[in-house]
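Below is one structure, written out as structure tokens; the observations come after it.
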Amino acid sequence: MNRKIKQISVGFIALGCPKNVVDSERMLGEIAKSGLLIAEEPDEADVVVINTCAFIEPAIEESLESIREAITWKTDKKRCVKKVIVAGCLSERVGHALLERVKGIDAIVGLEYRDKIAEIIQETQISDEPVVYIGEKQGTHVTIIHDDRTRLLINPGHWAYLRISEGCNRRCSFCTIPSIRGPFRSKPLGMVIAEANELVSNGIVELNIIAQDTTYYGRDLNIKNGLISILNQLETIDSLEWIRLMYLYPTGISDELIDTISKSKKIVHYLDIPIQHINDSILKSMHRPDSKTQILQLIENIRSAIPDIVLRTTIIVGFPGETDQQFNELVEFIDGAQFDALGCFKYYPEEGTDAAKMPKQIPDNIKIERLEEIMLRQQEIVFKKNRDRIGHKMTCLIDSIESKHNAKGRFFGQAPDIDSVCLIKSKAGKLNHLLSPGRFVEVKVVDFKEYDLIVEPI
């Protein structure tokens, strides 16, 4: 594949979770480094690359819809699209069969070939047949540890994701990630810190730490308290202001980690802890090692040590065998736990997972009813919390300037692209000309609009 890169334009469509965002940014970095042009709009390019997601059924459908739409551009005489390349998790999960599922794909790129994307783009230019870059065995064969440096950031230039590991060793009965992303592999600590320094030197003031399970970091390298080791080193980076922890598996949150967060000057008091359910029988069926008692104790310990903590979680409703009583137990738990943010998903029986073969699958209409009830309960909780914040002062990180009078930002309790935002409105007229994305501003909460806070600069 060592052929000279032609001057062609590339359109890029990035789908999926924050881990996928990092992969997209790395591919864009390779594309730009190779001398290829990156089109502003995908349908205006010679080649379209789609980095797909395949975690659950809706993600697969979204990926397939994007692929099919891009293929129609190839036959539109008003457009110049000639090739469509499919990369990412759907390629890894489906492999060669994707060529039969969607006619017109010109290349399929598995996860381990991510950094070869520029060469693969060139390969498609001289091939009349689809090219496929997938490992010998799909799924857990993926053992490469990617170096995520030299990224072309998709998001605003003041915050970024810092991925500290690949894959997952957990065997949750509903999850496809281990079969797609492979076993858990910690990045070498030096590589993680080097990437953090590179990002901060390029203007990043907020790093959002991600992995399939951030608390598991270092175990495969025999590093004790691996996540704490990363945090301690990140703390010393001068221009880094905020460190945010995402995807913390409940079982891995130790007293030492809580203490580290409590004493840190840079780790924001925000934790994303997916619990999935609270009923012990359901947790056991999910192959989760947590129990209701342990989860309740963990929440109590965190809030006791960090009184202003903002907690986010994710839950699944309609898991096989979930009874009305077990669902009501979950509702009661949410009422009592008072999470600041909560994502709720109905269960999808994903092919290849243990849960898909379990008896007592729940009808879809019941799943939808349960999801709606959970989200209505959570809405009441969030609206009350927002109402209680009126009159409070806080520090806001500006994400975008919307007009002379309005901007969007976030306080420490709002993760980018996932949570609500702060709507910054200037009461006196124009916003201060010194305010710009990436800067911090002191504000006062004056109102709220559903999930978003309305604030004024002080």
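Check segment 362-369 and report whether any residue there is crowded, with 17+ Cβ neighbours inside 10 Å and within 18 Å of Met286 (Cβ to Cβ).
The answer is yes, given that some residue of segment 362-369 is crowded, with 17+ Cβ neighbours inside 10 Å and within 18 Å of Met286 (Cβ to Cβ).
Could you tell me whether Lys292 is closer than 25 Å to Val200 by Cβ and in contact (Cβ under 8 Å) with a residue 12 or more places away in the chain?
No: the conditions fail for Lys292.
Checking the conditions here, which among Leu431, Leu453 is among the hydrophobic types (A, V, I, L, M, F, W, C), touching a strand residue (DSSP E or B) at 6+ places or on another chain (Cβ under 7 Å) and modelled with pLDDT of 95 or more?
Testing whether each residue is among the hydrophobic types (A, V, I, L, M, F, W, C), touching a strand residue (DSSP E or B) at 6+ places or on another chain (Cβ under 7 Å) and modelled with pLDDT of 95 or more leaves just Leu453.
Do any strands (runs of 3 or more DSSP E) entirely within segment 387-453 hold 2 or more residues that are under 27 Å from Val21 (Cα atoms), and if so, which?
393-401, 406-410, 422-425
Given the conditions (1) under 21 Å from His287 (Cα atoms); (2) surrounded by 17 or more Cβ atoms within 10 Å (Cβ to Cβ); (3) touching a helix residue (DSSP H, G or I) at 6+ places or on another chain (Cβ under 9 Å), and given that Gly218 satisfies all but one, which numbered condition is not satisfied?
Every condition holds for Gly218 apart from (1).
Only strands (runs of 3 or more DSSP E) wholly contained in segment 112-215 count here; list those with 2 or more residues that are assigned by TED's automatic domain parsing to the domain that holds Thr314 and touching a Phe, Trp or Tyr at 6+ places or on another chain (Cβ under 6 Å).
206-210
Please indicate, with yes or no, whether at least one residue in segment 228-242 is free of Cβ contacts under 8 Å to residues at least 60 places away in the same chain and within 19 Å of Asp340 (Cα to Cα).
Within segment 228-242, not a single residue is free of Cβ contacts under 8 Å to residues at least 60 places away in the same chain and within 19 Å of Asp340 (Cα to Cα).
Which ones in segment 272-288 are surrounded by fewer than 22 Cβ atoms within 10 Å (Cβ to Cβ) and closer than 22 Å to Ser304 by Cβ?
Pro274
Can you name the condition, by its number, that Thr251 falls short on among (1) within 22 Å of the chain's Cα centre (by Cα); (2) surrounded by fewer than 20 Cβ atoms within 10 Å (Cβ to Cβ); (3) under 30 Å from Thr395 (Cα atoms)?
Thr251 satisfies all of (1) within 22 Å of the chain's Cα centre (by Cα); (2) surrounded by fewer than 20 Cβ atoms within 10 Å (Cβ to Cβ); (3) under 30 Å from Thr395 (Cα atoms) except (3).
Here are some residues: Glu69, Glu92, Glu30. Which one is part of a helix (DSSP H, G or I), under 23 Å from the mean Cα position of the chain (by Cα) and modelled with pLDDT of 95 or more?
Matching residue, one of Glu69, Glu92, Glu30: Glu30.
I need the full set of residues from segment 72-81 which are assigned to a loop (DSSP other than H, G, I, E, B) and modelled with pLDDT of 95 or more, in order please.
Start the filter on segment 72-81 by keeping residues that are assigned to a loop (DSSP other than H, G, I, E, B), which leaves 74-81.
Hits for segment 72-81: nothing passes.
So if I check each of Ile295, Ile316, Ile278, which one is assigned to a loop (DSSP other than H, G, I, E, B), of a type in the set (Val, Ile, Thr), within 22 Å of Arg377 (Cβ to Cβ) and in the same structural domain as Ile362 (by TED's automatic domain parsing)?
Step by step, each of Ile295, Ile316, Ile278 is checked, and only Ile278 is assigned to a loop (DSSP other than H, G, I, E, B), of a type in the set (Val, Ile, Thr), within 22 Å of Arg377 (Cβ to Cβ) and in the same structural domain as Ile362 (by TED's automatic domain parsing).
With Asp308, Asp272 as the choices, which residue is in contact (Cβ under 8 Å) with a residue 40 or more places away in the chain and of a type in the set (D, E, K, R)?
Just one listed residue meets the conditions, Asp272.
Checking Ile164 against (1) at pLDDT 95 or above; (2) surrounded by fewer than 19 Cβ atoms within 10 Å (Cβ to Cβ), which single condition isn't satisfied?
(2)
Quick one: Glu351 ticks every box in (1) in contact with a Ser or Thr (Cβ under 9 Å, 6 or more places away or on another chain); (2) surrounded by 13 or more Cβ atoms within 10 Å (Cβ to Cβ) except a single one, so which number is it?
Status for Glu351: all satisfied but (2).
The values are calculated or read from the model by the stated rules, or taken from the named source; none is laboratory data. These numbers were taken from a predicted model, which means no experiment stands behind them. Using ideal geometry, Cβ is built from the backbone for each residue, glycine included, and neighbour counts are taken over all protein chains shown.
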